[in-house]
Amino acid sequence: MTVSCIGIDFGTTNTCVAINEGGKVRVLDIDPLATQPQLIRTLIYLPNRKESYFGKNAIDEYFDRGMEGRFFQSIKKLLPNPEFSGTSVFGIRLGVEALVARFLSELKKRIESQIGSISGIPIRMGKPARYSLDDEREALAVTRFLKALELAGFENITLVDEPTAAAQSSMSSHQENALVFVCDLGGGTSDFTLYRAKKSGAVETLAVHGVPVAGDSLDSDFFKNRLNEHFGANIKYTRPLAANVLELPTAIVKNLPKWHQHAFLKEKSTWNFILSLRNEIVNEKHRVGLENLISLVEENIGYKLHQEVERLKVALSSEPEAEFSFRSYPVAISFGVGAKPYNQMIEPSVEKIAQAALHTLQLANCDASSVEVLQFTGGTSKVPAIQARLRELFPTAKISEGEAFTAVASGLAGI
């Protein structure tokens, strides 16, 4: 059957692809090695100059090869960052667009291995409602993304707001004239759509908005509260022949909780500075944190650490307390975490998400009490503190749970 449209949800954490065949939408199994083959983790592992691995294969190779090489995650979050233009990988300079294109090119190959050449087929590519709340950064992200798509060989591209696509995937299940608020909460962004259901599955979109705060932000909140000190954030040092006591540079401290920035702490100037601290540290009590920081960079353990932070987040979604335990010699960190203290740690991000939802209503000049259906999609929608906060904003709305990870791709292909 002829494919009339391809929908691609290029996500911060996962990527998903759906196709439209004769009016029927089907999600492709894009990563056969994964537990959920419809999802490919948005990961790139480069063990050397010649080899590249993606998705589940990237994770397996990364651990099998002793976590050596370069491992990139959350590359979508690099797009709006004007301070980051690229990185050196085994002596080759890769710009942001080229790095993202590496993953997209592999994605194109996997699509074509299943449905043949995609030349001439319209492609609807999802984008966050907002990569950034800063207009210049937002424009930069879109420009970079389009360039990456071009480098990867994609054609006939139409960018569609992800929350609009999420709404599209659900509209046929709601009664005519129902006022629906869709919360698409992923790894990098939280996106919202307010729409009114119309006849024959049509919708009247009233407002679309988003904020670059989501699952990764929750993990960063936890890192800042409980892990920063374990990785040297409180280090003080003196420079040779100087008397002033200095603190670890803000640029390094700010990047510790940002998983997508860990791979770049080994840039030559930053790495040399970190190593120099071994001879310049003031308080010996901070040496363990310094050695942990060096191991984080040198041993490339950022992804393994992130896995444990995510595991804790999932555990605390259903349990009153859980153990955080990370060991990767010489790093050894273990402590208990209660759900209540954890929720207090992530409160800043939860509140930013809630305020973005309220702003969406303001854009439509709509009152929360008028919303009849509150629909959740995206993996971060499963976090109890976020669901509870959003339910609190819409106390009279009926709750609807959409497909957590495939709704956007399906909506893109079905538009």
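Here are some notes:
- Rounded to the nearest 20, the Cβ-based charge dipole of the chain about its Cα centre (Lys and Arg +1, Asp and Glu -1) stands at 580 debye.
- 5 angstrom amide H check on residue 30, placed H, neighbours 5+ away: 38, 39
- Beta bridges assigned by DSSP with both partners in the chain are antiparallel in approximately 75 percent of cases.
- In terms of its Cα atoms, region 198-247 spans 76, 21, 11 Å along the principal axes, sorted from long to short.
- The helix-only estimate of mean residue ellipticity at 222 nm for the chain, built from DSSP H runs of length n ≥ 4 each weighted as -39500 (n - 2.57), is -11000 deg cm²/dmol after division by the residue total.
- By the count of neighbouring beta-carbon atoms within 10 Å, fewest first, 4, 113, 74 end up ordered 113, 4, 74.
- A convex hull fitted to the Cα coordinates of region 217-322 yields 100 cubic angstrom per residue.
- Entries of 108/147; 24/76; 77/127 with Cα pairs more than 18 Å apart: 24/76
- Length added when fully stretched, residue 114-residue 150, from 0.36 nm per residue minus Cα-Cα: 10.8 nm
- Remark on the chain: hydrodynamic radius 22.5 angstrom, per the Kirkwood mean of 1/r across alpha carbon pairs.
- Computed from the Cα positions only, the extents of region 3-162 along the three principal axes stand at 46, 40, 24 Å, in decreasing order.
- q = 0.15, 0.17, 0.18, 0.21 Å⁻¹: log10 I(q)/I(0) that the Debye formula gives for region 135-280, counting C-alpha atoms only: -0.94, -1.06, -1.11, -1.25
- Close Lys pairs in region 217-322 (alpha-carbon distance under 20 Å; sequence gap of 8 or more, or different chains): 17.
- Potential lengthening of the chain between residue 311 and residue 88 amounts to 77.2 nm, from the contour at 0.36 nm per residue minus the alpha-carbon distance.
No value in this document is a laboratory result; all are computed from the given coordinates. Every value quoted in this text rests on a predicted model; they were computed, and no experiment measured them. Neighbour counts are summed over all protein chains in view; Cβ atoms, including those assigned to glycine, are modelled from backbone coordinates with ideal geometry.
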